[in-house]
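Just so it is clear, none of the values below were taken in a lab; they were calculated from the coordinates. Note that the coordinates shown come from a computational prediction; the quantities given were computed from them, not determined experimentally. All Cβ positions, even for glycine, are placed from backbone atoms using ideal geometry, and neighbour counts span all protein chains on display.
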């Protein structure tokens with residue numbers, strides 16, 4: 001009888017085991033070092049068997065969120081890719097615990113995409129009574145704002161059609177855009193918006209900032225200095241540090257990624273642009289502690305503000321989402337997309353204090 005009961009227990013445990021996930025397995029080591037905030041799913045593949053890639057972006061914390069347990073991880077944005085286009089939807093758990101997805105209100109053609117840069121940048125921004133996301137396309141020189149009513153997920157484009165980025169700075173194009181998180185009590189806004197602008201006909205650029213209030217950008221200002229970026233072109237990735245300095249440009253030229261750093265100056269003094277020769281990977285964000293991170297090729301590489309490598313660990317299936325404050329502590333958020341048979345998905349959301357990234361083990 002004892003052996004029979006043990007057999008029944010073993011069978012019960014097997015029957016309750018979750019289905020195997022290659023993505024979860026590949027990320028197990030790094031996931032154990034982060035806080036699992038929640039799992040959302042199953043979600044039917046929004047594009048059926050045509051989906052080639054999918055990413056879940058959780059909504060951002062509000063100013064009132066002081067600890068991780070207060071986060072709403074039951075809803076977020078879904079970015080899915082099929083051959084030739086990307087779509088944006090909102091996913092949320094209904095009162096029965098089932099996951100619902102809205103119809104796509106953003107359908108973005110990938111025609112003419114530069115293989116070295118994302119054609120669209122999906123930046124989750126401040127959560128108020130709505131969940132909000134900005135979709136930038138510097139290559140197309142456009143931006144568009146979308147919002148989802150909480151908690152039921154009514155999803156809509158609040159700037160439609162997409163607005164031209166040239167409208168922000170008096171007809172000047174935008175090469176790159178950055179959304180940087182701010183600590184609420186010390187700022188009237190949750191996010192800072194920075195832009196890199198070309199000076200016509202040269203490989204020099206200037207910097208711009210914008211204030212934003214749903215659903216539009218309001219006032220703009222530009223620097224009066226010219227930043228020389230040899231090899232730079234109509235696309236780049238651009239970031240300002242925590243206090244608006246240093247500034248960085250990460251761009252692909254002559255078959256390699258390069259990273260340049262400079263400090264602001266007062267016109268007519270031209271800033272000195274310093275190549276960070278230790279940075280050989282694409283930079284995806286500058287964090288609130290001044291570190292630079294890259295997730296190129298599925299590897300998380302962390303550099304200090306002067307380009308010295310601090311850490312490098314494989315991400316497995318983890319995808320970087322954004323950095324945001326929980327109370328006074330900045331956290332970096334990741335999501336894991338897990339594919340299952342019959343075109344269904346589940347998503348896990350993780351967070352780790354920004355200060356702990358340097359200590360991650362591979």
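Using a 10 Å cut-off on Cβ atoms, rank the peptides 134-147, 176-189, 329-342 from the highest mean neighbour count down. Can you show the working numbers first?
Working: 134-147: 21.4, 176-189: 15.9, 329-342: 18.9.
Going by the mean number of other Cβ atoms within 10 Å, highest first, we get 134-147, 329-342, 176-189.
Contact order for the stretch 102-163, expressed relative to its length and based on alpha carbon pairs under 8 Å spaced 6+ residues apart, stands at 26 percent.
Quick check: from the Cα gyration tensor, does the stretch 98-202 come out rounded (a/c under 1.5), prolate or oblate? Don't jump to the answer; show the numbers that get you there.
Numbers: a/c = 2.20, a/b = 1.31, b/c = 1.68.
Taking the square roots of the gyration eigenvalues as a ≥ b ≥ c, the stretch 98-202 is oblate.
Please label the shape of the stretch 134-253 as rounded, prolate or oblate, based on the square roots a ≥ b ≥ c of the eigenvalues of the alpha-carbon gyration tensor (a/c under 1.5 means rounded; beyond that, a/b larger than b/c means prolate, else oblate).
Verdict is prolate for the stretch 134-253.
For the pair the stretch 127-166 and the stretch 216-244, the centres of their Cα atoms are 22 angstrom apart.
Gain in length, residue 33 to residue 219, computed as 0.36 nm per residue apart minus the alpha-carbon separation, to one decimal in nm? List each step's numbers first, then the result.
Details: separation 186, 0.36 × 186 = 66.96 nm, distance 4.15 nm.
In short, 62.8 nm is gained.
Each residue of the stretch 6-150 gets 176 Å³ once the volume of the Cα convex hull is shared out per residue. Compared with the direct C-alpha span, the chain from residue 329 to residue 356 gains 8.6 nm at full extension, assuming 0.36 nm per residue. Beyond 38 Å, how much of the Cα-Cα pair distribution for the chain remains, as a whole percent? The calculated P(r) of the chain puts 17 percent of pairs beyond 38 Å.
Between 241, 112, 298, the residue with the greatest mean-square fluctuation in the GNM of the chain (Cα pairs under 10 Å linked by springs) is 112. Spin-label model, residue 22/residue 289: points 7 Å from Cα along the beta carbon direction are separated by 3.4 nm. Between residue 49 and residue 85, the C-beta separation translates, for a Förster distance of 25 Å, into a calculated FRET efficiency of about 0.95.
Normalising by residue count, the stretch 252-322 has a Cα convex hull of 109 Å³ per residue.
Per-residue ellipticity at 222 nm computed for the chain from its helices equals -2000 deg cm²/dmol, with DSSP H segments shorter than 4 residues left out and the rest contributing -39,500 (n - 2.57). Here the residues 347, 108, ranked from fewest to most Cβ neighbours within 10 Å of their Cβ, fall in the order 108, 347. Shown here: the stretch 34-82, whose C-alpha atoms stretch 40, 18, 17 Å along the first, second and third principal axes, sorted largest to smallest. Spacing of the modelled spin labels on residue 270 and residue 128, each 7 Å from Cα toward Cβ, amounts to 4.3 nm. Stokes-Einstein D for the stretch 132-186 at 10 °C, 1.306 mPa s, Kirkwood Rh over Cα pairs, in µm²/s? Rounded, D is 124 µm²/s. Projected label points at residue 62 and residue 107, each 7 Å from Cα along the beta carbon direction, are separated by 3.4 nanometres.
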